[in-house]
Amino acid sequence: MTTRLLTDCHVASMAGDAPYGAIEDGAILIEDGRIAWVGARAEAPAAEVVERLDGRWVTPGLIDCHTHLVFGGDRSGEFEQRLGGATYEEIARAGGGIVSSVKATRAASEAELYASALTRLAGLKATGVTTVEIKSGYGLDRDSELAMLRVARRIGREAGVRVRTSYLGLHAVPPELKADRGTYVDLAIDRILPEAHAQGLVDMVDAYCEPIAFTTDEVSRL
């Protein structure tokens, strides 16, 4: 059994009466890759390896419960528009927003989607995130939605984080069915969702319920 002691740190233990269960000048004992003890450094048990953290805070892994980690393209230009006063609805009605990401996502391969998602994930991991919810919703057709969910599952297997997937089938009406939203709603609910579920790709469902998106009745069906 290998033991490792993290010391010279502050610990958010989430236990006790102090805010966040804070332990000033704390220590953490790790045995064979698992936390075995947490407490004040003065009371720390002996360990084979001692690692000083130079006064850093150690917290439980954080959960990001709403991410669009998997998508193609880049919408940084829209951020500049928002800074200039444009509303999201104005951007969406001009062909930006979700629809612009749909076009880029459909054009990307699964390998490209995976690589770009890992880059975004690195930023989350650097801030302490260990559990991530990942939505689909930028494919809006069978093949692209399933591809997004497969990439999300692969991230969960290979990237060192816990992943929960959401099928965001009702995110927007795809351009090719803009005049026939009912057909798309049926496709998203009656065909794509059952197939994604059968392949083990879906943990939850999600929908965009807004005047520019889907109605409460449509969302209730999902």
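The values are calculated or read from the model by the stated rules, or taken from the named source; none is laboratory data. Nothing here was measured: the structure is a model prediction, and the numbers come from that model. When we count neighbours, we look across all protein chains shown, and the Cβ atoms used for this are built from the backbone with ideal geometry, even at glycine.
For the reader, a short list of remarks on this structure follows.
- Subset of the range 71-88 [among the hydroxyl-bearing types (Ser, Thr, Tyr) and either in a loop (DSSP other than H, G, I, E, B) or farther than 24 Å from Leu118 by Cα (or both)]: Thr87, Tyr88
- Where helices (runs of 4 or more DSSP H) sit wholly within the range 96-179, those with at least 2 residues that are hydrophobic (A, V, I, L, M, F, W, C) and exposed (fewer than 15 other Cβ atoms within 10 Å of the Cβ) occupy 110-126.
- In the range 70-95, the qualifying residues are those that are without any contact (Cβ under 8 Å) to a residue 60 or more places away in the chain and surrounded by 18 or more Cβ atoms within 10 Å (Cβ to Cβ), and the one that is nearest to the chain's Cα centre (by Cα) is Glu78.
- Only one of Asp25, Asp54, Asp32 that is over 24 Å from Leu170 (Cβ atoms), touching a helix residue (DSSP H, G or I) at 6+ places or on another chain (Cβ under 9 Å), outside the structural domain of Gly169 (by TED's automatic domain parsing) and touching a residue at least 12 places away in the same chain (Cβ under 8 Å): Asp25
- Residue in the range 29-51 that is surrounded by 12 or more Cβ atoms within 10 Å (Cβ to Cβ), part of a helix (DSSP H, G or I), at pLDDT 95 or above and within 30 Å of the chain's Cα centre (by Cα) present: no
- Single condition Lys135 does not satisfy, out of (1) free of Cβ contacts under 8 Å to residues at least 60 places away in the same chain; (2) among the charged types (D, E, K, R); (3) within 16 Å of Thr67 (Cα to Cα): (1)
- Residues in the range 180-213 that are under 15 Å from Arg142 (Cα atoms), among the aliphatic types (A, V, I, L, M) and surrounded by 13 or more Cβ atoms within 10 Å (Cβ to Cβ): Val185, Leu187, Ala188, Ile189, Ile192, Leu193, Ala196, Leu201, Val202.
- Residue match in the range 6-17 (condition: among the hydroxyl-bearing types (Ser, Thr, Tyr), in contact (Cβ under 8 Å) with a residue 12 or more places away in the chain and assigned to a strand (DSSP E or B)): yes
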